[in-house]
Amino acid sequence: GLERGNSARKSLDIIINLLEKFGQGGGCAYNDPSCMYHNSFIIADPNEAYVLETADKWWIVEKIKSVRSISNDISIRGKGDIRRKGIIQHAIEKGYCKDDNDFDFAYTFSGSSISIKPSPYSRGGKSTLLLNKNVGNITPQMMMEFLREHQAGICMHGGFESTGSQVSHLRDEENSIHWFTGSTLPCVSIYKPYAFPIDSQKYYTPGPYLAINHDWFWYKHAISKPLGKINQIRNMERAIIDKVNTLISQENEFSKEEFIQKIRILNLKAWNKSNEIIN
């Protein structure tokens, strides 16, 4: 959907059409093909955003009106804003609900009980709490800190670590800025700024890769786990963020090409700082 659609609504429609045509399935873990689940999506552009949740080829959509989070649970309550034709009748025939008035997507299609209010100690509940507490004042830097939260495990450690983290600042008429760690554990990672097209910014071509390359930054960072350098990491990241914010405030002084080139320079600087941390 993101590859083929040029807006949130078009991407949503593409994913829905593919889901209805081909369904979903297969192993969802890198080294455990038995790990399977059905998927939820937040699909956003600078003007609108949607939550799409699925159960096999069945789907439901909520148009986001304020802030929203999804995490490991079906979360759309009631009948949503858009849904697949026939989904309520399907649920009635399967015995999932009694009638049209009894249909509640999260409750009807969830394999477990649904609480009215998510626990603040769950990842979904905690992220929703943080977003609601700061609605109207959320910045990319604030989102980075949300992703470093440990009480509810948004920043996951141990045997199921966060693979990588991303914060995207979507701007309608201007260049959007996308921040990527390119590494596990956002609490000990530096977010690097990207502006599309990426061109000379640091990236790897799509795989498939059949083996881990020990020279990859992602691998070296995962092995080193620079927990003792958190203050140094934060200071480096703040300096990069400040420079990006200054650049954004001066954006009207540059052409689009000049602005992207300046982001590329900061991107390279962020990667150099990140490599200093683990080498």
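The values are calculated or read from the model by the stated rules, or taken from the named source; none is laboratory data. The shown structure was predicted, so the numbers you read here are calculated from the model rather than taken from an experiment. Glycine also receives a Cβ, built like all others from the backbone with ideal geometry; neighbour counts cover every protein chain displayed.
Table: residues versus (1) of a type outside the set (Ser, Thr, Tyr); (2) exposed (fewer than 10 other Cβ atoms within 10 Å of the Cβ).
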| position | (1), (2) |
| --- | --- |
| 185 | yes, no |
| 189 | no, no |
| 197 | yes, yes |
| 207 | yes, yes |
| 215 | yes, yes |
| 220 | yes, no |
| 227 | yes, no |
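When residue 49 is tested against (1) crowded, with 16+ Cβ neighbours inside 10 Å; (2) within 15 Å of the chain's Cα centre (by Cα); (3) closer than 21 Å to residue 114 by Cβ; (4) touching a residue at least 40 places away in the same chain (Cβ under 8 Å), just one condition goes unmet, and that condition is (3). Per the listing 198, 138, the residue uniquely modelled with pLDDT of 95 or more and not small (Gly, Ala, Ser) is 138.
Of all residues being in a helix (DSSP H, G or I) and touching a strand residue (DSSP E or B) at 6+ places or on another chain (Cβ under 6 Å) in the stretch 81-136, which is surrounded by the fewest Cβ atoms within 10 Å (Cβ to Cβ)? Just the residue, please. Step through it out loud before you land on a result.
Residues of the stretch 81-136 that are in a helix (DSSP H, G or I), as a first pass: 87-94, 100-102, 105-109, 123-133.
From the residues that got through so far, the ones that are touching a strand residue (DSSP E or B) at 6+ places or on another chain (Cβ under 6 Å) too are 87, 105, 109.
Numbers: 87: 20, 105: 27, 109: 23.
The residue in question is 87.
Report yes if residue 207 is part of a loop (DSSP other than H, G, I, E, B) and free of Cβ contacts under 8 Å to residues at least 12 places away in the same chain, otherwise no.
On the way: part of a loop (DSSP other than H, G, I, E, B): yes; free of Cβ contacts under 8 Å to residues at least 12 places away in the same chain: yes.
It is true that residue 207 is part of a loop (DSSP other than H, G, I, E, B) and free of Cβ contacts under 8 Å to residues at least 12 places away in the same chain.
Is it the case that the stretch 19-33 has a residue that's within 23 Å of residue 176 (Cα to Cα) and crowded, with 17+ Cβ neighbours inside 10 Å? No, because not a single residue in the stretch 19-33 is within 23 Å of residue 176 (Cα to Cα) and crowded, with 17+ Cβ neighbours inside 10 Å.
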